[in-house]
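Some notes on the structure that comes next.
Coordinate-derived values only; no laboratory data. Just so you know, these numbers come straight off a predicted model, no measurement behind them. Positions of Cβ are backbone-derived with ideal geometry, glycine not excepted, and every protein chain shown enters the neighbour counts.
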Amino acid sequence: MNLRIVSKNIKHIYIRIKPSGEVVVSVPLRTSQHTIDRVLHDRSHWIEQKLRGMESKYPTQGQSMEGDRLFFLGEAYTLHLVASHQSGVELEGNNLYLFGSSDTKAKILEQWYKNQAKHYFEQAIATYHPLINRPIYAVRIKKMKTRWGSCNPAKGYINLNLELIKKPLEALEYVVLHELAHLVYPHHGKDFYALIAKQMPDWKQRAALLK
């Protein structure tokens, strides 16, 4: 989800969906991250419905073009399309080279993102799961329109948004810990954030990287 938080001298929280698909959340000054998370959770179905409407009204191209700017772990890369019988992705400096035929490049790029996401999610889970000490029975990586992740504590399932691989690693790790913490506390109460703060003291700075 392309999310932007704007602090203003207002009394209430307002959510606006731009034609580009950006979700703009206007909040009163000094609104806590806890409150913002709760509002986004409560309005998630409404946001998803609006985003689907935007997609039908303003369809996207869905194809990456030569010279496009792509993101990976918070860094911007210039895309270079290379016609080749071999398929794959290579990073060199600030350039991302996408090898393959014209009709397969989109799938190759998406699969590369999925492979990278799986690798970094597994690393983060290996780091933070022992600190939570609750069983995980399934971790799913998928595209989600309104959330960076979700958790089913009763079943031990965690869902993580594929788009996280485009954010800084610190932000990705925060979301992983956030969802792991829901295995202990399903809510966004004080105990939940106390657990996160204990294991990740800089979690607020990391969460800000998602905006």
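Here are the numbers for this structure:
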| item | result |
| --- | --- |
| Alpha-carbon Rg with Dmax, taken over the range 62-107, Å | 10.1, 30 |
| Antiparallel DSSP beta bridges within the range 100-163, percent to nearest 5 | 45 |
| About the Cα centre, charge dipole magnitude for the range 3-57 (Lys/Arg +1, Asp/Glu -1 at Cβ), debye | 220 |
| Selection from 185, 111, 174, by position along the positive dipole direction of the range 65-211 (Cβ) | 185 |
| Rounded to whole Hz, the Karplus (6.51, -1.76, 1.60) HN-Hα couplings of the range 145-150, x for glycine and proline | 7, 10, 9, 7, x, 8 |
| Residue of 142, 11, 167 that the Gaussian network model of the chain assigns the largest fluctuation, springs spanning Cα pairs under 10 Å | 11 |
| Dipole-positive endmost among 24, 3, 34 within the range 3-57 (Cβ charges, Cα centre) | 24 |
| Stokes-Einstein D in µm²/s, Kirkwood radius over Cα pairs - the range 128-211 at 37 °C with 0.692 mPa s viscosity | 255 |
| Theoretical FRET efficiency, 1/(1+(r/R0)^6), r = Cβ-Cβ of residue 197 and residue 102, R0 45 Å, to 0.05 | 0.40 |
| In nm, spacing of pseudo-spin labels at residue 65 and residue 115 (7 Å Cα→C-beta vector) | 2.8 |
| Distance histogram in 10 Å bins (all Cα pairs of the range 3-57, percent per bin) | 23, 54, 21, 2 |
| Residue 140 versus residue 39: modelled label distance in nm, points set 7 Å from Cα along the beta carbon direction | 2.9 |
| Of all DSSP beta bridges in the range 1-54, antiparallel share, percent nearest 5 | 40 |
| Mean separation of Cα contacts under 8 Å (6+ apart) over length of the range 94-211, as relative contact order % | 22 |
| Antiparallel bridges, percent of DSSP beta bridges restricted to the chain (to nearest 5) | 50 |
| Extended-chain gain in nm, criterion 0.36 nm per residue less alpha-carbon gap, residue 16 and residue 76 | 18.9 nm |
| FRET efficiency estimate (nearest 0.05) - Cβ-Cβ, residue 205 to residue 184, R0 22 angstrom | 0.45 |
| Expected-Rg normalisation [2.2 N^0.38 Å, Cα atoms] applied to the range 84-170 | 1.30 |
| For the range 76-86, 3J(HN,Hα) per residue [Karplus equation, 6.51 cos²θ - 1.76 cosθ + 1.60, θ = phi - 60°, Hz, x = Gly/Pro] | 8, 10, 8, 7, 10, 8, 10, 5, 7, 6, 8 |
| Alpha carbon centroid spacing (whole Å) that separates the range 128-194 from the range 88-108 | 30 |
| Cβ-placed point charges (K, R +1; D, E -1), dipole of the chain about Cα centre in debye, nearest 20 | 1000 |
